[in-house]
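So the structure is just underneath, and the comments pick up after that.
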Amino acid sequence: MSLQSAVMYAFRKHVFQPLYQPGSWKILIMDERATRVVSSVYKMHDITEFGITLVESLYKVRRPFNMEAIYIMYPHRREVDLFLRDFSSEMPTYPAAHVFFLLPCPRDVLNVIAASRGMQYVKTLEQLDLDFIPIESCLFSLECQETGQTYSLPARLVPDKKTQLEQLAEQLATVCVTLDEYPRIFYRKDETNLELAQMTLAKLDACRESNPSMGQGTHKDRSILLILDRGFDPITPLLHELTLQAMSYDLLTVVDNVYTYGNNQKVDLTGQDTLWKELKHMHIADVTKTLPQRVREFADSKKQFASLQSRESSSEGGFDNKAASLEPGEKGTLGLRELSNIIKRMPQYQSEASSYTAAYNITEACMNVFRQGVDKLCGLEQDLVMGQTAEGEPVRDPMRCLSDMFRYDFTSVDDRLRLLMIFVLIK
């Protein structure tokens, strides 16, 4: 099961399905964090199937409705006070509340709820153990930028470092709980990594007390949680990555994971489109071979393959990789523009073809930037890191190589900084 499917299942099992009553509508109220988690796996039309008619922010003043409310939020005092505000008067905002916390609720906060006027309206009070964002099937984010910036610093320079690590351990534990895993924990030898590993184990042990079967099953071996810091591999983030999705983020203008091209056409680079999922982690050279094949298969399935086939009768087709070209090549080679035009001639399949058009435009944009000097940067980066050229010749004077590259107009300030940082790290 993918991370996204696991999170969807958890919300459906613990929140939406148990509260669903045909013909009865409810309001969903969330804090900022819960909104991020829920929206990472559900769209509005998905949750309306469970009788949710309206989604609102916990932080806004809301008008009363004669519908029960579902609250999903952090168990923090600020959020709990906002929840209790809805039930503090003689005329509550909603007739009843179903409250779900993303993390375990501290005892003092539970005491505040128990002593409040709003307690009489609470029909449900549960802990979800869901505090991470599933970005892809095997990739998640804890969105802990502040902790990431201070993680490697000694505790004397970060007064609240222990609190930050506690939060991080709590989040990691929710990932394991969601996947029903009780892993062995390994870590790169480092004081902070050790402390985080110990905290995470303590959180998992506490979860296992209420669910002794967590992580067990004859169908699987015990999993491993491996904790690494960036010191394990400091160079990789500085290199130009040539897989399609990473290349898009590095070379193109991407805002909130969305790339815009043409007549304001938008592509979500974290989307679940089948073609994009196949291509996004491929090396760009493999993309330029695979994409034309997929279009031919699409055209064939729509019985529009005849004209395309006649043109290719003497060639297998593909991009002109020797020149990294996206234009129609020689000897029957098909380029991006030509294949894009084939799609445009199928208006009845335009909706289905949109994913192919998007993939072509992203690939073309990446290759255009690549040919404007990034190819040379990539070559030098690899030479510096490996200590030798592609031909096996040793790089004897790295600084001279940098000086020569800096003479090119296409090297931006960011490019030069990346090269200098690589130079420092290899030295």
(request) Evaluate the following for Ala206: is it assigned to a helix (DSSP H, G or I), within 21 Å of Pro106 (Cβ to Cβ) and modelled with pLDDT of 95 or more? (result) no
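When you look at Gly215, is it of a type in the set (Gly, Ala, Ser), under 27 Å from Ile422 (Cβ atoms) and either in a helix (DSSP H, G or I) or in contact with a helix residue (DSSP H, G or I) (Cβ under 8 Å, 6 or more places away or on another chain) (or both), yes or no?
no
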(message) For Ala324, only one of the following conditions fails: (1) at pLDDT below 85; (2) more than 26 Å from Thr236 (Cβ to Cβ); (3) in contact with a helix residue (DSSP H, G or I) (Cβ under 8 Å, 6 or more places away or on another chain). What is its number?
(response) (2)
(request) Go through the stretch 180-230 and give me each residue that's under 20 Å from Cys138 (Cβ atoms), touching a Gly at 6+ places or on another chain (Cβ under 8 Å) and without any contact (Cβ under 8 Å) to a residue 40 or more places away in the chain. (result) Asp180
(request) Could you tell me which residue of the stretch 265-279 is surrounded by the fewest Cβ atoms within 10 Å (Cβ to Cβ), considering only residues that are aliphatic (A, V, I, L, M) and outside any strand (DSSP E or B)? (result) Leu275
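Could you please find all residues in the stretch 92-116 being of a type in the set (Gly, Ala, Ser) and surrounded by 19 or more Cβ atoms within 10 Å (Cβ to Cβ)?
Let us first name the residues in the stretch 92-116 that are of a type in the set (Gly, Ala, Ser), namely 96-97, 114-116.
Within the stretch 92-116, just Ala97 meets the criteria.
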(request) State which residue pairs qualify: first residue closer than 20 Å to Tyr249 by Cβ and inside the stretch 369-389, second residue surrounded by 14 or more Cβ atoms within 10 Å (Cβ to Cβ) and aromatic (Phe, Trp, Tyr) in any location, beta carbons under 9 Å apart, and separation of 6 or more residues or different chains. (result) Cys378/Phe370
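Give me the residue from the stretch 16-34 that is within 23 Å of the chain's Cα centre (by Cα) and of a type outside the set (Gly, Ala, Ser) and, out of that set, surrounded by the fewest Cβ atoms within 10 Å (Cβ to Cβ).
This residue is Glu32.
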(message) Return the pair list, or none, for Cβ contacts closer than 6 Å from residues in the stretch 399-417 that are within 10 Å of Leu380 (Cβ to Cβ) to residues that are acidic (Asp, Glu) and surrounded by 12 or more Cβ atoms within 10 Å (Cβ to Cβ), at least 6 apart or on different chains.
(response) none
(message) Is it the case, given these coordinates, that Gln245 is surrounded by 16 or more Cβ atoms within 10 Å (Cβ to Cβ) and either closer than 20 Å to Ser141 by Cα or among the aromatic types (Phe, Trp, Tyr) (or both)?
(response) yes
(message) For the stretch 383-419, give me the residue count where each residue is exposed (fewer than 14 other Cβ atoms within 10 Å of the Cβ), of a type in the set (A, V, I, L, M) and under 35 Å from the mean Cα position of the chain (by Cα).
(response) 4
(request) Would you check if there is a residue in the stretch 30-47 being over 23 Å from Asp268 (Cβ atoms) and either of a type in the set (Gly, Ala, Ser) or at pLDDT 95 or above (or both)? (result) yes
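The values are calculated or read from the model by the stated rules, or taken from the named source; none is laboratory data. Here the structure is a predicted model, which means the values were calculated and not measured. Cβ sites come from the backbone with ideal geometry, for glycine too, and all protein chains shown count toward neighbours.
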